[in-house]
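Asks: Handing you a structure now.
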Amino acid sequence: MSKNKVTFTHLLKIVFLCGLVLMVNFAYITSFFVIFGSSMENVESGVNNYDAYLALMPVISVSAFVLADFLQMARFFRKKNVEVVADSLKFSFIQTLITLSAKDLTEQRAFPRSVIVLSFAVLIIYIFMWQMICMAISRRVFETGSLVIIGSNAATMNEVKNKISPSLKSVDLDFSRLVRYSDKRAVRAVIRSNVEIFLCPDVPEDVKSDIILACAKYDTVVYVVPQFYEISLYKSRIIYLNDLMVMTIDRMGLTFEQRLFKRILDIIISMAALILSSPILLICALLIKIEDGGPVFYKQERLTINNKSYYIYKLRTMRVDAETYTGAVISGKNDPRVTRIGRFLRRSKIDEVPQFLNVLKGEMSVVGPRSERPEFVANFEKKIPGYAQRFAVKAGITGLAQISGNYDTTAADKLRYDLLYIKNYSILQDIKIIFLTVRAIFTPHLYNQSFEENRESVISTDSSLLRPEEMQG
C-alpha cells in the first residue's frame, strides 16, 4: 500500500484536530454564558466583552490546532486513558497561557480574565471528552492487533508472555504465537504479515538490529525492551563534529538547582504527610500492637545516593519471626507471613508513611529509585549491567518503577524504570509520579506470582537476586 494514500487514520486525525479547535472555542463560549448569561456581555458596565473574544478567535483557533499537533494528541494508537487525562491537562494549561498572552499583546482588555480562568476547567472536560470519543471510534474501526513474541527459546518467550499478558487487553492486542529468532524464514514471514512483534531481551544485538530494520521496511510495529546504553541515549543532545552526527550522553544525576528544588519539595511534602497522617499512624500502631504484641516499627539498613548507608523506617507488616522458617523469600500473593493488619497496610501503602522521617533527615527523597539492602546491591551490581547508576540520586519512597510495576517486579526490570527516571528528571515528573502513586493505591494488582511460587524459585535460583524491600527481620 502506498504511504501517500489517504486512509481512514489520516481522516480521523484531521477530524480530531478540527473538532478540537471547535471544542476550544466552545469552551470559551460556555464560559461567557456561565458568567454573563445569554447576553454574553457585562450588563453593568455596558462593555461588549464577547467582541474581544471574537477578535482573538483566529489566534485561539490557530494556536489550538498547532499545539494539538505539536503534542501529538491525534495519535490514538495504543493510547491509554491516563495518557488522555495527561494530554487534556497539558493542552488546557498551555492553551490558557497562550490566550492570556495573546489578550495582553493585542490589548484586548475587554476579554475578562474570569472567562479565561473558568475556560481552563471547561477546556479540560471538553478536550478529555473529545479525545475519548475519537479513541472509541478508533477502537471500533480497527481490529485488535496480533502480537508475535520473538526470542531465543521457549522458556524465555513464555516468561515474557506471562509477564505482558495482563496488559495486552488494555492496548488492544491479542497474543498470536512464539517464534525463535534462529528460524529466519519464520521471522521474515512474521515481519511481512499484518502482526506486531515483541523482541525478547535475549535476542542478540546484531539480530535485533536486523529485525528492527526489516520491520521499518514493512511498516511493522515492534516492541523492544531497552538495555542500559539505549536508555542512556534517551533525549540525548545531538552535536555535529564537522559532518559527523554525535549523540552526547551526559553524566547521570541531577544538577545543583535540581537538587535544591527537589529538596525543598521533599521537605514540604514530608512535613505535610506526617502531620496529616499522624492520627492514622496512631490507630495503625495500636492495631499492630494488639494483633501480636510485637514492635510497631522496624528499621533496616539500606543504601541511598552514592551508596551511603542509612536505616529505613516502616510500619511492621509481617510476623516477628517472618523469616525463621522460610528464610529470605520474596513476598507474593497469599503470603502467610503477612499479618492481618499488615495486608491492609501494604494494600493502602500506609506502612510506607514513616519513611517521610527519612526524607526530613535528608537520607531519602519522596520520589526516587527504591532503596535496597547492601548485601543485595553487591550481588545486583555483579549480575545486572548499569545497576550502580541508580545511586546517582537519593533513594525514594515512591518512583517510576513503583507506579509502573508490582511488588515482585524483578530488579532488572525495575532498573530500567529507575534509569529512565534519572535520565528524564524534572520537578513536573516528580509531581506526576506522586499523583500516580495515589492512583496506584487503588490498583488491585500487586504481585505477579504467589508466595509459594516465589518460595519455589528460591530453591532453584540464587537467593541473592530476591527483592530486598519485601524482606523483614
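Taken together, the values in this text are just the output of simple stated rules run on the coordinates, not laboratory data. None of these values were measured; they are calculated from a predicted model. Here the Cβ is made from the backbone with ideal geometry for all residues, glycine too, and neighbour counts use every protein chain on show.
Asks: Can you check what the net charge comes to around Cys134, using other residues whose Cβ is under 14 Å from the Cβ of Cys134 (Lys, Arg +1; Asp, Glu -1)?
Replies: That works out to +3.
Asks: Next up: Stick to the Cα atoms of the chain, pair each with every other, and give me the Kirkwood hydrodynamic radius in Å at one decimal.
Replies: Evaluated over the chain, this radius sits at 26.0 Å.
Asks: In which sequence would Met73, Met245, Met318 go, from the one with the fewest C-beta neighbours within 10 Å to the one with the most?
Replies: The fewest-first ordering by Cβ neighbours comes to Met245, Met318, Met73.
Asks: Explain nothing, just compute: Karplus ³J(HN,Hα) = 6.51 cos²θ - 1.76 cosθ + 1.60, θ = phi - 60°, for every residue of the stretch 135-145 in order, whole Hz, x for Gly and Pro.
Replies: Karplus-based 3J(HN,Hα) across the stretch 135-145 equals 5, 5, 5, 4, 5, 6, 6, 8, 6, 5, x Hz.
Asks: Just to confirm a number: summing +1 for Lys and Arg and -1 for Asp and Glu over residues other than Phe228 whose beta-carbon lies under 12 angstrom from that of Phe228, what do you get?
Replies: Surrounding charge for Phe228 is +1.
Asks: Work out the length of the dipole vector of the chain about its Cα centre, built from +1 on the beta-carbon of each Lys and Arg and -1 on the beta-carbon of each Asp and Glu, and round it to the nearest 20 debye.
Replies: Taking the Cα centre of the chain as origin, the dipole is about 340 debye.
Asks: Please sort 236-242, 99-105 by packing, taking for each peptide the average over its residues of neighbouring beta carbons within 10 angstrom, highest first.
Replies: Result, highest mean first: 99-105, 236-242.
Asks: Have a look at Pro204, Ala214, Pro226 and report the one farthest towards the positive end of the charge dipole of the stretch 178-228, computed about the Cα centre with Cβ charges (Lys/Arg +1, Asp/Glu -1).
Replies: Ala214
Asks: Can I ask one more? On C-alpha positions alone, give me the angle between the axis of helix 256-292 and the longest principal axis of the chain, in degrees, nearest 10.
Replies: Once rounded, one gets 60 degrees.
Asks: Also, I was wondering about something else. Working from Cα positions, state the angle (0 to 90°, nearest 10) between the long axis of helix 205-217 and the longest principal axis of the chain.
Replies: Around 20 degrees separate the two axes.
Asks: Using a cut-off of 15 Å between beta-carbons, work out the net charge of the residues near Ile290 (Lys and Arg +1, Asp and Glu -1, Ile290 not included).
Replies: That works out to +2.
Asks: In what order do Val296, Val187 fall by count of nearby beta-carbon atoms within 10 Å, going from fewest to most?
Replies: Val296, Val187
Asks: Give me the orientation-averaged projected area of the Cα convex hull of the stretch 8-141, in nm², one decimal.
Replies: Averaged projected area of the stretch 8-141's Cα convex hull equals 8.0 nm².
Asks: I need Leu282, Leu419 ordered by Cβ neighbour count within 10 Å, fewest first.
Replies: The order, fewest Cβ neighbours first, is Leu282, Leu419.
Asks: Now for a different question. From the Cα trace of the stretch 97-250, what convex hull volume per residue do you get, rounded to a whole Å³?
Replies: About 221 Å³ per residue, rounded to a whole number.
Asks: For a protection proxy built on the mean count of beta-carbon atoms within 10 angstrom, sort 285-295, 387-397 highest first, please.
Replies: My ranking of the peptides, most packed first, is 387-397, 285-295.
Asks: Then there is this: When the Cα centres of the stretch 273-293 and the stretch 163-206 are compared, how far apart do they sit, in Å?
Replies: A separation of 48 Å, based on Cα centres.
Asks: Separate question: Starting from the amide H of Gln300, placed 1.01 Å from N in the peptide plane, find each other amide H under 5 Å away whose residue is 5 or more places distant or on another chain.
Replies: Amide H neighbours of Gln300, under 5 Å, 5+ apart: Ile312.
Asks: Next up: Nearest 500 deg cm²/dmol is fine: what mean residue ellipticity at 222 nm does the chain get from its DSSP H runs of n ≥ 4 alone, each adding -39,500 (n - 2.57), divided by its residue count?
Replies: About -17500 deg cm²/dmol.
Asks: With contacts defined as alpha carbon pairs under 8 Å and 6 or more residues apart, what's the relative contact order of the chain in percent?
Replies: Normalised by residue count, the contact order of the chain is 12 percent.
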